[in-house]
1. Is it true that some residue in segment 153-165 is modelled with pLDDT under 85, over 23 Å from Met49 (Cα atoms) and part of a helix (DSSP H, G or I)?
2. Any residue in segment 12-24 that's crowded, with 22+ Cβ neighbours inside 10 Å: show its pairings with residues that are at pLDDT below 95 and aromatic (Phe, Trp, Tyr) at Cβ separation under 6 Å, as long as the two are six or more apart or on different chains.
3. I'd like to know if segment 33-43 contains one or more residues that are at pLDDT 95 or above, within 17 Å of Val155 (Cβ to Cβ) and not in a loop (DSSP other than H, G, I, E, B).
4. Can you confirm whether His88 is in contact with a Phe, Trp or Tyr (Cβ under 9 Å, 6 or more places away or on another chain) and not in a strand (DSSP E or B)?
5. Answer yes if at least one residue in segment 69-79 is closer than 19 Å to Gly6 by Cβ, surrounded by 15 or more Cβ atoms within 10 Å (Cβ to Cβ) and within 16 Å of the chain's Cα centre (by Cα), and no otherwise.
6. Considering only residues that are at pLDDT 90 or above, of a type in the set (D, E, K, R) and closer than 13 Å to Ser14 by Cα, look in segment 82-135 and name the one that is surrounded by the fewest Cβ atoms within 10 Å (Cβ to Cβ).
7. Kindly provide the set of residues from segment 11-32 that are within 23 Å of Asn152 (Cα to Cα) and modelled with pLDDT under 90, ordered by number.
Amino acid sequence: MIIFVGGLVGAGKSTVARLLAEHFNLYYYDVDEVKKVVYKKDPDFDYNMKNGIPFKDETRIKVYDQVVDDLKELSQTHECIVVDETLHKRALRHRLFKAAQDYFDGYFVIWVKADKAVIKRRLTSQRQGHILKDAMVMYNTMLAEFEGFEQNVLVIRNNHSTEETMAELQRFFTSMFRFSRLKGGQ
């Protein structure tokens with residue numbers, strides 16, 4: 001099983017994904033680490049990063065192809081992992097969802113949301129080691145590009161502390177476990 005933790009820039013998806021992986025002792029896979037390698041090879045890298053312009057889909061496909069290869073390899077040693085990615089474009093995320101179905105026992109998506117004021121506060125503060133230079137411009141562009149999900153996803157509001165967000169996730173997993181036990185007993 002792959003637990004995809006998605007959300008736009010600044011929503012707090014990476015924090016939620018890391019904490020979720022840590023809490024359940026799962027492998028954490030950060031797609032941004034692949035982007036840092038692949039995007040630097042793009043001839044528009046400096047311009048895009050300086051101006052907060054998302055990379056073309058052909059460059060993103062190179063990232064996702066590498067991620068799919070990594071997921072195939074990880075499926076040999078892990079039953080369940082947490083994958084941290086924006087998932088804002090339908091065709092691209094379907095590549096990852098297909099890999100989850102091919103190499104793991106499926107997937108589900110946790111979509112992390114936050115109010116725009118919260119995102120702005122997060123993105124205007126210094127973000128240590130983040131790939132983006134002007135994250136607010138990128139947020140607005142990705143928001144405009146966002147393509148909704150065709151299936152149900154778990155939406156987590158991340159406007160407050162990480163403790164409150166993790167408590168909400170804990171309540172969800174506890175309820176899901178109870179439901180699966182009830183359903184299994186039928």
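The values are calculated or read from the model by the stated rules, or taken from the named source; none is laboratory data. What you see is a predicted model, and the numbers here were worked out from it, not measured in a lab. A quick note on method: Cβ atoms are made from the backbone with ideal geometry, for glycine too, and the neighbour counts reach across all protein chains shown.
1. Yes, segment 153-165 has at least one match.
2. So the pair list comes out empty.
3. The answer is no, given that none of the residues of segment 33-43 is at pLDDT 95 or above, within 17 Å of Val155 (Cβ to Cβ) and not in a loop (DSSP other than H, G, I, E, B).
4. yes
5. Restricting attention to segment 69-79, the residues satisfying the condition of being closer than 19 Å to Gly6 by Cβ are 70-71, 74.
Next cut, surrounded by 15 or more Cβ atoms within 10 Å (Cβ to Cβ) only: 70-71, 74.
Keeping just the survivors that are within 16 Å of the chain's Cα centre (by Cα) gives 70-71.
For segment 69-79, residues closer than 19 Å to Gly6 by Cβ, surrounded by 15 or more Cβ atoms within 10 Å (Cβ to Cβ) and within 16 Å of the chain's Cα centre (by Cα): present.
6. Lys113
7. Once the filter is applied, which keeps residues that are within 23 Å of Asn152 (Cα to Cα) and modelled with pLDDT under 90, segment 11-32 yields only Phe24.
Residue-by-condition table, conditions (1) buried (at least 17 other Cβ atoms within 10 Å of the Cβ); (2) hydrophobic (A, V, I, L, M, F, W, C); (3) within 16 Å of the chain's Cα centre (by Cα):
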{"site": "Glu33", "(1), (2), (3)": "no, no, yes"}
{"site": "Val38", "(1), (2), (3)": "yes, yes, no"}
{"site": "Lys41", "(1), (2), (3)": "no, no, no"}
{"site": "Arg60", "(1), (2), (3)": "yes, no, yes"}
